[in-house]
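Single-structure report; data block below.
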Amino acid sequence: MTDKTMTPEDVVARLRSGMTLGIGGWGSRRKPMALMRALLRSDVTDLTVVSYGGPDVGLLAAAGKIRRLVTAFVTLDSIPLEPHFRAARQAGAFELSEVDEAMFMWGLQAAANRLPFLPVRAGLGSDVMRVNPELKTVTSPYEDGETFVAMPALRMDAALVHVNRADRLGNGQYLGPDPYFDDLFCEAADSAYVSCEELVADFGTAAPQSLLIKRHAVTGVVPTPHGAHFTSCVPDYDRDEAFQQLYATTPWPEFAARFLHGDEKSYQSAVQTWHEENA
């Protein structure tokens, strides 16, 4: 068995400009934010990003690292539209492929199963086909003759996800209410990197359904306590709403200068200092 533990910097050193990068989590929930911050410190750019978007997309958009975005939404949950994404999109900073949430999920399923596409009903009768003219339809070969959208596989060069617990072999456990399709992101990518709140020796008597991510789909494991901040990682911690509001209302150069100028330890320290100042 191989010890797959890495640092955030080790992970980013394996990424290259022009890659298609999948990012797990959902909106402002259990995002691999420590890995996002490490990516911001690198010269990797020109990315195609595949994500149920939240501040991961906002950070990368503000830093000018996205060439194309494939998403169903980009939200901070308690703040409906991610402001840095909105500003970049309104400025025409990157291409956007926006699909239905279910279509996105079936695109992950197709990629995880190494299929070129999967037929789906989602998207029919909507503007999805109009805003994505590259999408095609297929007709059932059976007697029903039904027409479906042929949702293309969302294949990725690399995927980044965050879970509550992981072991050194690459098995990952979520303890919150929702898996957020993180297992599909890992299986749909050529390589997958899992950050975690805690590195464990074993999972003991853990419920099998909580053992979301299997080691065969994982390239690296990154222990990063509070690595999803400021998004939520329940039950370990909730979303840092006060800090998220600061992020959403502070001009990007000012926010980046105060909180993103150093490594992950510097970020966590700067956040703690900000909270103490505003206590």
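None of the figures in this text is laboratory data; all of them are computed from the coordinates on show. Since the structure is predicted, the reported quantities are computational estimates derived from the model, not experimental observations. Note: ideal-geometry Cβ built from the backbone for every residue, glycine included; neighbour counts use all protein chains shown.
Taking the Cα centre as origin and putting +1 on Lys and Arg beta-carbons and -1 on Asp and Glu beta-carbons, what dipole magnitude results for the chain, to the nearest 20 debye?
Values: 25 positive and 36 negative charges, 116 e Å.
Roughly 560 debye for the chain.
Out of ALA93, ALA38, ALA206, any idea which swings most in a Gaussian network model of the chain, alpha carbons joined below 10 Å?
Sorting by GNM fluctuation, first place goes to ALA206.
Under the Karplus relation 6.51 cos²θ - 1.76 cosθ + 1.60, θ = phi - 60°, what is the ordered set of whole-Hz ³J(HN,Hα) values for segment 12-25, x standing for Gly and Pro?
5, 5, 8, 8, 9, 4, x, 5, 9, 10, x, 10, x, x
So what's Rg/Rh here for segment 1-70, counting alpha carbon atoms and using the Kirkwood radius for Rh? Walk me through the numbers before you get to the answer.
Numbers: Rg = 12.0 Å, Rh = 12.4 Å.
Dividing the radius of gyration by the Kirkwood radius yields 0.97.
Search the structure for amide H atoms under 5 Å from the amide H of THR20, placed 1.01 Å from N in the peptide plane, and list their residues when 5 or more places away or on another chain.
It is THR48, ASP157, ALA158, by chain and number.
What residues of segment 161-197 lie in the reach of a label at GLN209, counting those whose backbone N is under 15 Å from a point 7 Å from the Cα along Cα→Cβ?
In segment 161-197, the label zone of GLN209 (backbone N under 15 Å from the point 7 Å along Cα→Cβ) covers 174-181.
What distance in nm separates the simple spin-label points at TYR237 and GLU101, each placed 7 Å from Cα in the Cβ direction?
Once both label points are built, they end up 2.6 nm from each other.
As I understand it, the value is the acute angle between the Cα axis of helix 101-112 and the longest principal axis of the Cα atoms of the chain; what does it come to in degrees, rounded to 10?
90 degrees
Just want the ordering: PHE259, PHE203, from fewest to most Cβ atoms lying within 10 Å of their own Cβ.
PHE203, PHE259
Could you calculate the contour length gain from LEU175 to GLN90, that is, 0.36 nm times the residue separation minus the distance between their Cα atoms, to one decimal place in nm? Each step should come with its number before you reach the end.
Values: separation 85, 0.36 × 85 = 30.60 nm, distance 3.71 nm.
Full extension from LEU175 to GLN90 adds 26.9 nm.
How long are the semi-axes of the equivalent ellipsoid of segment 17-144, taking √(5λ) for every eigenvalue λ of the Cα gyration tensor, in whole Å from largest down? Walk me through the numbers on the way to the answer.
On the way: eigenvalues 156, 49, 40 Å².
Output for segment 17-144: semi-axes of 28, 16, 14 Å.
Using just the C-alpha positions of the chain as equal point scatterers, what log10 of I(q)/I(0) does the Debye formula give at each q in 0.14 1/Å?
-0.98
Give me the percent relative contact order of the chain, please, defined on Cα pairs under 8 angstrom at least 6 residues apart. Please list the in-between numbers first.
Values: 598 pairs, mean separation 56.8, N = 279.
RCO, the chain: 20 percent.
Students often forget the sequence filter, so: which lysines lie under 17 Å Cα-Cα from LYS4 once same-chain residues fewer than 8 apart are removed?
Qualifying lysines at Cα under 17 Å: LYS214.
Where in segment 20-37 does the label zone of ASP77 land, with the point 7 angstrom along Cα→C-beta and an amide N cut-off under 20 Å?
What the label zone holds, given the 20 Å backbone N cut-off, is 23-37.
Among ALA102, MET33, TYR193, pick out the residue whose Cα is farthest towards the positive end of the charge dipole of the chain, where Lys and Arg carry +1 and Asp and Glu carry -1 on C-beta, about the Cα centre.
It is TYR193.
What order do you get for THR75, THR231, THR249 when you list them from fewest to most C-beta neighbours inside 10 Å? It would help to have the intermediate numbers written out before the result.
Values: THR75 21, THR231 27, THR249 10.
Listed from fewest to most nearby Cβ atoms, that is THR249, THR75, THR231.
May I ask you to derive the FRET efficiency for GLU254 and ASP190 from their Cβ-Cβ distance with R0 = 30 Å, giving the value to the nearest 0.05?
Details: r = 37 Å, r/R0 = 1.24.
Efficiency computed from Cβ-Cβ geometry: 0.20.
Can you put LYS65, LYS31 in order of Cβ neighbours within 10 angstrom, beginning with the fewest?
On the way: LYS65 21, LYS31 33.
Ascending Cβ contact count within 10 Å gives the list LYS65, LYS31.
Between the alpha-carbon centers of segment 263-277 and segment 193-256, tell me the distance in whole angstrom.
17 Å
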